[in-house]
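Accompanying notes for the structure given below.
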Amino acid sequence: MKKLYLLSAIIFLWGCNMAQKKSEEPSSSSLDTTQVKKDMAVPEGLSEIDGYRRHIISLPPKPNESRFKLEITPGVTMEVDACNHYGLQGSLEQEINEESGEYYYIFRSGGDVFQTLMGCRDENMHTEFVSGMNFLADYNSSEPLVVYISKGIEMKQTIWEVSEMIAVSKNSDDEILKTFPKSYYKDNLEGYVIQLPDLPPEARVELIPGITQLVDCNNYWLTNKSFGYAGTIEFPWTFYLFEFDGKISSTHMQCPDGQLSEKFIHCISPITLPAKNDEPIVLFITKGLELRYRIWNNPEVVE
């Protein structure tokens with residue numbers, strides 16, 4: 001079994017800081033790669049990296065591809081109990097090969113797994129896929145997606161049909177928010193409550209805090225703060241936190257026309273949750289940000 005870390009304070013935080021970094025110098029080691037369609041070339045310069053398995057993902061064409069997302073989920077298969085929550089430790093980053101200008105994702109993990117520390121009445125163990133930080137990529141059949149994952153870590157791929165982003169109005173007077181003592185969150189945060197429509201059991205909801213700004217042709221994203229589940233054994237509600245320190249990262253492309261357009265900027269990998277029709281979602285985010293969400297539906301697992 002992978003090394004376990006026990007968390008007695010029940011707080012899980014998935015990092016949202018996908019700051020752009022220089023790529024590591026590729027080695028000439030021989031690693032397996034995901035099968036690529038014959039008519040789709042591997043991006044130049046993205047060779048194998050020592051200690052990682054390279055996955056080159058090509059997708060079949062779909063009508064209206066903007067309505068779909070590809071979810072990549074790294075993880076490990078291991079024995080777990082019936083009542084605790086488990087997660088694979090690791091960091092996910094989007095990087096660029098400066099020689100070729102090609103982008104890729106890299107998931108770094110030593111294989112360590114954390115878990116909550118609850119006593120289980122049922123002591124039976126079962127095998128389960130314990131996931132690490134997942135991420136969404138645009139569905140794009142015209143060029144391959146390159147992902148590097150530490151050796152020994154598995155990877156699952158799921159195609160989702162996603163709705164348009166839905167803006168959430170501020171609802172600070174909501175009766176649910178009034179039940180939260182101030183000690184559970186900081187004064188620089190605002191609370192939101194999302195009441196979901198009736199959805200099928202396999203659906204998910206993606207929480208997307210962000211900010212609308214005028215930007216140029218580059219890609220922009222929020223960085224440097226954590227985003228995730230927060231809970232306490234002393235209080236019945238589950239809630240989520242997103243804290244932002246004002247830093248925004250971007251690509252560094254030249255924009256010849258210099259035109260600016262209004263865009264909603266958010267982190268690369270917003271948090272996703274099972275869509276529970278009978279339970280509202282409570283989220284506290286840094287003041288000054290907006291909150292949007294969208295629904296994932298009709299999952300299609302890619303082998």
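Structure notes:
- Largest to smallest accessible area among F239, F264 [probe 1.4 Å]: F264, F239
- In this structure, the pairs whose alpha-carbon distance is over 32 Å, taken from K69/K247; K151/K276; K62/K276; K62/K263; K62/K156; K156/K263, are K151/K276.
- Under the Karplus curve 6.51 cos²θ - 1.76 cosθ + 1.60, θ = phi - 60°, whole-Hz ³J(HN,Hα) for region 209-220, x wherever Gly or Pro sits: x, x, 9, 9, 9, 7, 9, 8, 6, 6, 8, 10
- Packing, taken as the mean count of other beta carbons within 10 Å per residue, orders the peptides 209-220, 281-292, 110-121 from highest to lowest as 281-292, 209-220, 110-121.
- Heavy-atom accessible area for Y105, with the other protein chains in place and a 1.4 Å probe, reaches approximately 30 Å².
- H85 - accessible surface, heavy atoms, 1.4 Å probe, Å² rounded to 10: 100
- With the highest mean first, a sort of the peptides 191-197, 90-96 on other beta-carbon atoms found within 10 angstrom per residue produces 90-96, 191-197.
The values are calculated or read from the model by the stated rules, or taken from the named source; none is laboratory data. Quick caveat: nothing in here was measured; it's all calculated off a predicted structure. Please note: Cβ atoms are built from the backbone with ideal geometry, for glycine as well, and neighbour counts cover all protein chains shown. For accessibility, only protein heavy atoms count, side chains too; no ligands or nucleic acids. Shrake-Rupley method; radii C 1.70, N 1.55, O 1.52, S 1.80 Å.
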